[in-house]
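Working notes, structure below.
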Ligand code: TEU
Ligand code: CA
């Protein structure tokens, strides 16, 4: 097979800077804090660090609203701090990928401020539509239309200075850039080259599949069906539009052609783990190296969407992961992730946190399940410790505008949900579940902020940091951290894990997730294979049919490549045909 690019057996670690490490006592994480923890990441063994945004921003959406792409926000530090972080990471053998947020800017960006004057050269850099008094979005016969923002309210905001509405799929302080305008595109490419020339190693591209909108023949934007909360779904008109490939190929030509050793991963909002996933990540199309596809993270959304979660069915996880794996089996490449700064923590969501023992077991099982798939795994800060959801019970504990706005829209305005149900929905699904401070040790603020700091952390520290923290886990060979070290080392040393193909086994089993990874030997008749089998439940489970067929006969403990239990127990489980709760095993066939 053609030699895989460098990132095919790499592991990426996502840092949410605001919650990672505070060094100046203002209760907010900063760049010096990240640099002080790079040794920890080198010890974990990760190859690439992805930083969520640290650019100048009014922080309406925690930095995903950028007011100056070429300046570090003073809250996080200075460009010198950024340069020191880069140099230190590179010295430790790690690459650094920045977050590129160019579907929209902050409304405080100079480009937007200029665009508010219809005669300014920037007039057409955003999506402006005429206002018809009495036809405000959300009213019958509204102009431009009833699209709702992901963060509540209309996706159109009236600007009194210009006398028109502007589109914002996210908050009203995040106006969408008009990618139809070549001046916008080239300004973005210039900025990207400026950062690449400064020595960063690539980008994670925020909602990049939303930059091409579906427009009518005269540029009109159709409306959709108005839902129970009073708005139509903007998603259908701004997702994977007709010019996406053209824009991504132009970006590749303008920024990445001629460069090497970089990584690009696009947030594929709406990509379904099918032909579009393969096309965009097929290296022959020179668009993106990989995509985040979310189909496996929507499977527990109830009829009211993410805020009315339902239990996850393992067969749904298998089906969606299989679609993603199969989409890029012959060309293209997959990302593999269960956690990020927008998702609840997977050990609380799909593991078992009723006891500490089950929390550790299920965290390891879910990690093994993810990391043994084909693709590049992404670890979200704290996932390697088995950190849990926040456990908030009051609305004033939340900070995320999505959570707060959607509470008021669903409970107070549209009245589609009771306060009690929405608080339960937030406790399960709020993005703040992933944004509580990183738990470094058992001191009052978990070592995120000094206990005697002048300011408290910007969001509450989870009280369970006294038992779940890096200091304890780094020293404990049975910790979740230690298990992640072994998973990463396996990917670095076993070619089947990085390059082997992937085949689902026992698709209908509702508790055991098992699959096969194999690599052709020099002699194509020979294949080296790994059987991966994970009990995703808190009761013991029979080894299902397909896996049992492959294990038949003597079980040799020396062929246990990795297991969440010690090898003798794992060998006994294989022999008996019965897995203990949350037992995961990688067995060389
Ligand atoms: O996320 C876009 C996205 O898909 C999620 O925000 C999702 O729409 C939301 O959680 C509702 O379910 C990216 C960033 O990851 C997110 O942090 C930003 O808030 C958003 O874009 C806007 O920049
Ligand atoms: Ca700070």
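Can you find a residue that is within 28 Å of the chain's Cα centre (by Cα) and away from ligand 2 (no atom under 16 Å from the Cβ) anywhere in region 115-123? It would help to see each step written out before you state the result.
Step one: of region 115-123, the residues within 28 Å of the chain's Cα centre (by Cα) are none.
Among the residues of region 115-123, not one is within 28 Å of the chain's Cα centre (by Cα) and away from ligand 2 (no atom under 16 Å from the Cβ), which makes the answer no.
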Practice item. Please go through region 37-94 and pick out each residue that is over 22 Å from the mean Cα position of the chain (by Cα) and over 24 Å from residue 25 (Cα atoms). Key: 43, 67, 68, 70, 87, 90, 91, 92, 93
Review point. Just checking, how many residues over region 38-57 are over 26 Å from residue 68 (Cβ atoms) and either part of a loop (DSSP other than H, G, I, E, B) or within 16 Å of ligand 2 (Cβ to nearest atom) (or both)?
Key: 3
Point to revise | Members of region 55-73 found to be more than 19 Å from residue 152 (Cα to Cα), touching a residue at least 60 places away in the same chain (Cβ under 8 Å) and crowded, with 16+ Cβ neighbours inside 10 Å, listed by number | key: 69
**Study point:** Filtered residue count, region 1-37, keeping only those that are away from ligand 2 (no atom under 16 Å from the Cβ) and in a helix (DSSP H, G or I)
**Key:** 4
Review point. Would region 262-273 turn up any residue that is in contact with a strand residue (DSSP E or B) (Cβ under 8 Å, 6 or more places away or on another chain) and surrounded by fewer than 19 Cβ atoms within 10 Å (Cβ to Cβ)?
Key: yes
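Just give me the residues in region 63-78 being over 16 Å from residue 168 (Cβ atoms) and within 11 Å of ligand 1 (Cβ to nearest atom), in sequence order. Don't jump to the end; show me each part of the working.
Looking only at region 63-78, we keep the residues that are over 16 Å from residue 168 (Cβ atoms), and these are 63, 68-78.
Correct list: 63 only.
Do any strands (runs of 3 or more DSSP E) entirely within region 151-252 hold 2 or more residues that are under 25 Å from residue 276 (Cα atoms) and more than 16 Å from ligand 2 (Cβ to nearest atom), and if so, which?
On the way: elements: 156-159, 164-167, 202-205.
Correct list: 202-205.
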Exercise for review: Considering only region 488-521, state which residues are modelled with pLDDT under 95, loosely packed, with under 15 Cβ neighbours inside 10 Å and assigned to a loop (DSSP other than H, G, I, E, B).
Suggested key: 521
Check your understanding: Restricting region 411-439 to residues that are away from ligand 1 (no atom under 16 Å from the Cβ) and crowded, with 21+ Cβ neighbours inside 10 Å, which is farthest from residue 344 (Cα to Cα)?
Key -> 439
Review point. Name the pairs: first residue in region 6-31 and farther than 19 Å from residue 94 by Cβ and within 16 Å of ligand 1 (Cβ to nearest atom), second residue at pLDDT 95 or above and not in a loop (DSSP other than H, G, I, E, B), Cβ to Cβ under 9 Å, at least 6 apart or on different chains?
Key: 19/434
Review point. Mind checking which residues of region 80-103 are within 14 Å of ligand 1 (Cβ to nearest atom) and touching a helix residue (DSSP H, G or I) at 6+ places or on another chain (Cβ under 9 Å)?
Key: 98, 100, 102, 103
**Study point:** Positions within region 384-401 being out of contact with any strand residue (DSSP E or B) (no Cβ under 9 Å at 6 or more places or on another chain), assigned to a helix (DSSP H, G or I) and crowded, with 22+ Cβ neighbours inside 10 Å, in sequence order
**Key:** 385
Study note, to complete from the structure: Matching residues in region 530-542 (surrounded by 17 or more Cβ atoms within 10 Å (Cβ to Cβ) and either farther than 20 Å from residue 581 by Cβ or touching a strand residue (DSSP E or B) at 6+ places or on another chain (Cβ under 7 Å) (or both)) number 8
Practice item. State whether the residues of region 494-504 include one that is without any contact (Cβ under 8 Å) to a residue 12 or more places away in the chain and touching a strand residue (DSSP E or B) at 6+ places or on another chain (Cβ under 7 Å). Key: no
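Show me the helices (runs of 4 or more DSSP H) found entirely inside region 270-375 where at least 3 residues are more than 30 Å from residue 247 (Cα to Cα). So that I can check it myself, show each step before the final result.
On the way: elements: 275-281, 314-327, 346-349, 356-371.
So the answer is 314-327, 346-349, 356-371.
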Study note, to complete from the structure: Checked region 74-102 for anything surrounded by fewer than 21 Cβ atoms within 10 Å (Cβ to Cβ), within 16 Å of ligand 2 (Cβ to nearest atom) and in a loop (DSSP other than H, G, I, E, B); matches are 74, 75, 78
Practice item. Filter region 32-52 down to residues that are in contact (Cβ under 8 Å) with a residue 60 or more places away in the chain and within 16 Å of ligand 1 (Cβ to nearest atom) and give me whichever is surrounded by the most Cβ atoms within 10 Å (Cβ to Cβ). Key: 50
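The values are calculated or read from the model by the stated rules, or taken from the named source; none is laboratory data. Because the structure is predicted, anything quoted here is derived from the model rather than measured. FYI the Cβ positions are ideal-geometry reconstructions off the backbone, even for glycines, and counts take in every protein chain you see.
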